[in-house]
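Asker: Quick one: the structure is below, questions incoming.
What follows draws every value from the coordinates through simple rules; no lab data is involved. Being a predicted model, the structure only gives us computed values, none of them experimental. Methodologically, a virtual Cβ is constructed for each residue, glycine included, from the backbone with ideal geometry; neighbour enumeration extends over all protein chains shown.
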Amino acid sequence: MVRAIKSQGFLFAFALSAALVLCVIFTIGGVTSFSDIITGEEASFNDASFNGVSSVRFVSTLAYLCTCFAYIAWLLQKREVSNDLKFTQLLRPATPFLVLAFIAYPLSNDIYLYLQYGLMGLRGINPYIIPSSKVSTVLDPLLYWLQTSTYGPISEVFFMVSALFVQLSPIIGVYVFKIFCVLAYVLNAYLIWRFLKPSPHRSKLTMIYLLNPFLLMAHIADAHVDVFLCSSIILLIICLYNRLYVASVLAVTAGFLTKTLPIIWFPLVAGFLVRRRRWRELAIATAICLAIVLVLSYTVFPTLAAWKSLLNPGVSGLTARSIHHLVNLIISFTTGSELYQNQAIMQQMARITFLGFAGFYAWKLFQPWLKSRYSEAHLIVDLGWVTLVLLLGATPWLMPWYPSVLLPFALLAINASIFSLTSFVFCLTTGAVMGAGSGDTLLSFAGSLITWVPALSVLVFRQQIVLALENTFTTLSSDELLQPSHSRQIPPSSRSK
């Protein structure tokens, strides 16, 4: 496997060199910024480098685009990777990129918020009731969001373990958390590899996940909890394909207790079980979920406000990278107003786009009744579609790592070439411009266009694109990807009753 990858010498060296540049920029910038903030400097290195136009931002963006170019060039090659390879053999060529991503210091300040919530938990302070700003720790100067936790109790466990090392140094705490991220990332790839045993593209698809530059940056380099959420998504997909319905609901629950997004999947899975008349499994899953809610209501979430904390109310009226941010910038450019002065308009726009999403969601919710042969495979694709539409059209505050949850759906969905291709494009382009993308400059405007337009273009010109790429991308998500064996048979659709 290593020889197969390295035989393409230039691509491998090119991608590794670009990844090294990103690693150096992130590590020097991150550690320098940490020192700047702790010592009371007015502006940190990252603040100066990743807000507006700068040489550092240009070089890092160029380096990321180079890794994407090498990744896509490798992806488009028709050369197959042997299916006889062990997972460790597949992991070997990805190891240099995993190491560089681990070394790279997070660009986002979210990592300090994770550790702050962890410290609060260690002190017996409920982070879902008490805002991060109300507790004094060594991390105080590093915090950007001064609100209650928006992450579930499963994430909080990782925060608390990592926070144990903050007393030695916050930087050590950061890298302890990154160890968990690397382990989860490798676990996700392993789960994909195990599940795709019957597929003739098993090794290739596993490598597509392992080597994805966007995932490496979002899940390991920047160390976001979405890597744990992807674990629950992969388990959800595996359970659905194997008709483990109770386990499927529990996988969604685990995802929700990691990060709030999976709350939108509960009705779709429940509706599917109702249509299939799986009353026993539905009753068992409901009972378990109610028991979990009851326990959490007496412990972690004793008030309604604590539960609402998971909905991230702090970003209401704010925009970044989304279509909402494009409109916000256009209003700002034409009227001379500041972005924050347009919050009322943005909130109204958010309501309108959410209503549009609700209509799409309702249509997907009724698909089991509208299609006579609606199967688990259809449900998985629909779970991916509602997530994609929510992020692409109804999420005003769109951070570059949010779309990473789409990749497990894109890799494991059957006969969903347009969804898979749109998800890949959306993910790769969202990370193209380094930084939050919430500024009021032309660069921020360009960042929003780069995030939104390519994915929309795939949807608009889907027929032409499929015809042009029928021997490349479409083969990555066709029925050939998952030729189930007798032990991994995808369940047939139930007969309509």
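Asker: For segment 314-488, what does the alpha-carbon gyration tensor say about shape, rounded, prolate or oblate, given a ≥ b ≥ c as the root eigenvalues, a/c under 1.5 as rounded, and a/b over b/c as prolate?
Answerer: The shape class here is prolate.
Asker: Take the alpha carbon gyration tensor of segment 200-266, find the square roots of its eigenvalues, order them as a ≥ b ≥ c, and report rounded if a/c is under 1.5; if not, report prolate when a/b exceeds b/c, else oblate. Don't skip to the answer; put the middle values down first.
Answerer: On the way: a/c = 3.39, a/b = 1.24, b/c = 2.74.
Oblate shape, in that a/c is at least 1.5 and b/c is the bigger or equal ratio.
Asker: Give me GLU376, GLU338 ranked fewest to most by other Cβ atoms within 10 Å of their Cβ, as a rough exposure proxy.
Answerer: Ascending number of Cβ neighbours within 10 Å: GLU338, GLU376.
Asker: Could you work out the relative contact order of the chain? I mean the mean sequence separation of Cα pairs under 8 Å and 6+ apart, divided by the number of residues, in percent. Don't skip to the answer; put the middle values down first.
Answerer: Numbers: 712 pairs, mean separation 82.7, N = 497.
About 17 percent, as a whole number.
Asker: Count the lysine pairs in the chain whose Cα atoms sit under 18 Å apart, keeping only pairs 8 or more residues apart in sequence or on different chains.
Answerer: Lysine pair count for the chain: 9.
Asker: Let me ask you something else. What residues qualify as long-range amide H neighbours of LEU244, i.e. H under 5 Å apart, gap of 5 or more or another chain, H built at 1.01 Å from N?
Answerer: Result for LEU244 returns nothing.
Asker: 5 Å is the cut-off here: which amide hydrogens, built 1.01 Å from N in the peptide plane, fall below it relative to ALA320, excluding neighbours closer than 5 in sequence?
Answerer: Those qualifying (amide H under 5 Å, at least 5 residues apart or on another chain) are HIS325, TRP397, LEU398.
Asker: Where nothing but the Cβ of Lys and Arg (+1) and of Asp and Glu (-1) is charged, how large is the charge dipole of the chain around its Cα centre, in debye to the nearest 20?
Answerer: 2040 debye
Asker: Taking 0.36 nm per residue of separation and subtracting the Cα-Cα distance, what length does fully extending VAL460 through GLU42 add?
Answerer: That pair, VAL460 and GLU42, stretches by 145.9 nm at full extension.
Asker: A follow-up question, please. When a/c is below 1.5 the answer is rounded, else prolate if a/b is larger than b/c, else oblate, so apply that to segment 2-224 with a ≥ b ≥ c taken from the square roots of the Cα gyration tensor eigenvalues.
Answerer: Taking the square roots of the gyration eigenvalues as a ≥ b ≥ c, segment 2-224 is oblate.
Asker: Also, quick follow-up: Taking 0.36 nm per residue of separation and subtracting the Cα-Cα distance, what length does fully extending VAL138 through THR286 add? Intermediate results must be reported in sequence, preceding the final value.
Answerer: Working: separation 148, 0.36 × 148 = 53.28 nm, distance 4.22 nm.
Additional length available on full extension: 49.1 nm.
Asker: Sort the following peptides by mean Cβ neighbour count (other Cβ atoms within 10 Å, averaged over residues), highest first: 65-75, 346-356.
Answerer: Top of the packing list down: 65-75, 346-356.
Asker: Continuing with the same structure: How large is the helix-only mean residue ellipticity at 222 nm for the chain, computed as the sum of -39500 (n - 2.57) over DSSP H runs with n ≥ 4, divided by its residue count, in deg cm²/dmol to the nearest 500?
Answerer: Here the helix-only value at 222 nm equals -20000 deg cm²/dmol.
Asker: Distance in nm between label sites at ILE130 and LEU304, each 7 Å beyond Cα in the beta-carbon direction?
Answerer: 2.5 nm
Asker: Return the FRET efficiency for the residue pair SER54, TRP279: r is the Cβ-Cβ distance, R0 is 45 Å, and the value is rounded to the nearest 0.05.
Answerer: According to the calculation, E is roughly 0.15.
Asker: Let me ask you something else. Please list, ordered by chain and number, the residues whose modelled amide H lies under 5 Å from the amide H of LYS259; skip anything fewer than 5 residues away on the same chain.
Answerer: GLY152
Asker: Right, another one. So how do 429-438, 128-137, 444-453 stack up, highest first, on mean other-Cβ count within 10 Å?
Answerer: On the way: 429-438: 23.2, 128-137: 16.2, 444-453: 20.4.
Top of the packing list down: 429-438, 444-453, 128-137.
Asker: Round to a whole angstrom and tell me the spacing of the C-alpha centers of segment 86-156 and segment 364-380.
Answerer: 37 Å
Asker: Same structure again: Evaluate E = 1/(1 + (r/R0)^6) for ARG123 and SER82, where r is the Cβ-Cβ distance and R0 equals 51 Å; express this FRET efficiency to the nearest 0.05.
Answerer: Step by step, r from the Cβ atoms, then E = 0.45.
Asker: Here's a follow-up. Using 0.36 nm times the number of residues separating ILE103 and LEU183, minus their current alpha carbon distance, what extension gain do you get?
Answerer: Result: 27.4 nm gained on full extension.
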